[in-house]
1. Filter segment 90-101 for residues that are of a type outside the set (Ser, Thr, Tyr) and without any contact (Cβ under 8 Å) to a residue 12 or more places away in the chain; which is least open to solvent (accessible area, probe 1.4 Å)?
2. When you scan segment 178-191, how many residues do you find that are in a helix (DSSP H, G or I) and open to solvent by less than 40 Å² (accessible area, probe 1.4 Å)?
3. Test residue 160 against the stated conditions and say whether it is in a helix (DSSP H, G or I), open to solvent by less than 60 Å² (accessible area, probe 1.4 Å) and either touching a Cys at 6+ places or on another chain (Cβ under 8 Å) or at pLDDT 95 or above (or both).
4. For segment 157-202, enumerate the residues that are of a type in the set (Gly, Ala, Ser) and within 21 Å of the chain's Cα centre (by Cα).
5. From the residues in segment 194-215 that are modelled with pLDDT under 90 and of a type outside the set (A, V, I, L, M), which one is least open to solvent (accessible area, probe 1.4 Å)?
6. Of all residues being outside any helix (DSSP H, G or I) and over 24 Å from the mean Cα position of the chain (by Cα) in segment 53-74, which is surrounded by the most Cβ atoms within 10 Å (Cβ to Cβ)? Just the residue, please.
7. Any residue in segment 163-176 that is among the hydrophobic types (A, V, I, L, M, F, W, C), open to solvent by 60 Å² or more (accessible area, probe 1.4 Å) and part of a helix (DSSP H, G or I)?
Amino acid sequence: MTDSDSGARPAGPAVTRVRPAGSRRLSAERVGEIYTDVIELLIELGYDGLTMDGIAARSRVSKATLYRQWQGKADLVVEALHHDNPAPARIDTGSLRGDLMAMTTVLGDVAPTDAPLLAGLAHACHTDPDLGAALRRRLFAPFHGILREILDRAVQRGEIAPGNPALDFGPLAFMAMMPARALFEGIQVTPEYLAGFVDHLLLPSLTLIRPVAAR
């Protein structure tokens, strides 16, 4: 399989991000433009159809320039998605509902909602475990961590009973609402929609349901 087919760097010594002497780093503006091109190509072609050759042609840069800044297709895709979906700063409004409502605004603004893109990435993660691990670490883990902190603080304040079984499902359920609606209904998730999910499903399960006593 050729490099243009797989998007992977040719076999050889371990890849590092050290630039050759005299090489020029792309400007932040140029990098942002390349990330935009990558997302557009992902939507048009899917992950499997995306190649470093195609990215270079769309972005009007050499493939060597791309490899000086990124390790390969997977690295470039993960960074492009992270650029489009940055994790928020720490959220702490002082109340569980306030924190979750703040998170609805963040997630409603940054969540990828293009169904073909999401479906293609899901398939790619299944066939390329390294891509899946990188996406979870770079893109999903920061959001999951913030939601986990929100719930932990609510337990400490007494808003959620310790041991409430809903604590194990809350962060994942919140995040799953975004791709699920795009994939199954073809509708973009909005902060208002997420706010309804918080008020009618998530908050009641977190604050009204008490742990079942052991028998």
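The values are calculated or read from the model by the stated rules, or taken from the named source; none is laboratory data. What you are looking at is a predicted structure, and each value in this text was computed from that prediction instead of being measured. Using ideal geometry, Cβ is built from the backbone for each residue, glycine included, and neighbour counts are taken over all protein chains shown. Surface areas here come from the heavy atoms of the whole protein model, side chains and all, with no ligands, DNA or RNA. Shrake-Rupley method; radii C 1.70, N 1.55, O 1.52, S 1.80 Å.
1. Among those that are of a type outside the set (Ser, Thr, Tyr) and without any contact (Cβ under 8 Å) to a residue 12 or more places away in the chain, it is 98.
2. The total comes to 4.
3. Answer is no for this residue.
4. Matches in segment 157-202: 170, 173, 176, 180, 182, 186, 195.
5. Filtering first and then ranking leaves 211.
6. For segment 53-74, the residue satisfying everything is 61.
7. yes
For (1) in contact with a helix residue (DSSP H, G or I) (Cβ under 7 Å, 6 or more places away or on another chain); (2) modelled with pLDDT of 90 or more; (3) open to solvent by 20 Å² or more (accessible area, probe 1.4 Å), each residue gets a yes or a no:
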residue	(1), (2), (3)
76	yes, yes, no
88	yes, no, yes
107	yes, no, no
130	yes, no, yes
155	no, yes, yes
